[in-house]
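Here the structure is laid out as structure tokens; the discussion comes afterwards.
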Amino acid sequence: MTEREKNITLFIEYNGNHQTVETFAGEYRNLMVLIKDQVWVDGMGECGGQARCGTCMVELLNAGENLVVATDTKEAAVIRRMMTTQSIIRLSCQILVDETLNGLKIRVMEP
Ligand code: FES
């Protein structure tokens, strides 16, 4: 079996550290799982990706329209509860990792 080409590059910032991560669609269930695996953020993902806890929030520094969250979703309700209205703040557990993320700059917020 040949290794799949890693054609998605993400630039992740956490706690002042910058990391480049390469992956491919399907390697990770969602962006939260990728961050937990690659960046080791303590306390992230308490609800296991159910869009309830808000511990997986990320700031998307160069997000395209495809990543803006719809206002009538469970994710939007959690973000409102966390007292921010910036559309570039997302729950990373609600973002699928695919080619549309290639080149994305992500700042991981403290859980
Ligand atoms: S892991 Fe709980 S909201 Fe994302």
Checklist entry - Which loop-located chymotrypsin sites (Phe, Trp or Tyr not before Pro) does region 1-95 contain, where loop means any DSSP state but H, G, I, E or B and the Cβ has at most 14 other Cβ atoms within 10 Å? => result W40
Checklist entry - Where only protein heavy atoms count, and the probe is 1.4 Å, what is the accessible area per residue for the chain in Å²? => result 59 Å²
Checklist entry - Once every DSSP H run of n ≥ 4 in the chain is given -39500 (n - 2.57) and the sum is divided by its residues, what mean residue ellipticity at 222 nm do you get, rounded to the nearest 500 deg cm²/dmol? => result -4000 deg cm²/dmol
Item to check | Compactness of the chain, expressed as Rg and Dmax over alpha-carbon positions, Å | outcome: 13.4, 47
Checklist entry - In region 1-72, which GluC sites (Glu not before Pro) are in a loop and have at most 16 other Cβ atoms within 10 Å, using DSSP for the loop call? => result E3, E5, E27, E46
Checklist outcome for this item: Percent antiparallel among DSSP beta bridges confined to the chain, nearest 5, equals 80 percent
Next on the checklist: Could you sort I88, I12 by their accessible area in this structure, using a 1.4 Å probe and putting the largest first?
Outcome noted: I88, I12
Next on the checklist: I want to verify a result. In a Gaussian network model of the chain, Cα cutoff 10 Å, which of these has the top mean-square fluctuation: C93, C47, C56?
Outcome noted: C47
Checklist entry - What percentage of the solvent-accessible surface of the chain, computed with a 1.4 Å probe over protein heavy atoms, is contributed by carbon and sulfur atoms? => result 47 percent
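The values are calculated or read from the model by the stated rules, or taken from the named source; none is laboratory data. Here the structure is a predicted model, which is why all the values come from computation and not from measurement. All Cβ positions, even for glycine, are placed from backbone atoms using ideal geometry, and neighbour counts span all protein chains on display. Only protein heavy atoms, including side chains, enter the accessible area calculation; ligands, DNA and RNA are left aside. Shrake-Rupley method; radii C 1.70, N 1.55, O 1.52, S 1.80 Å.
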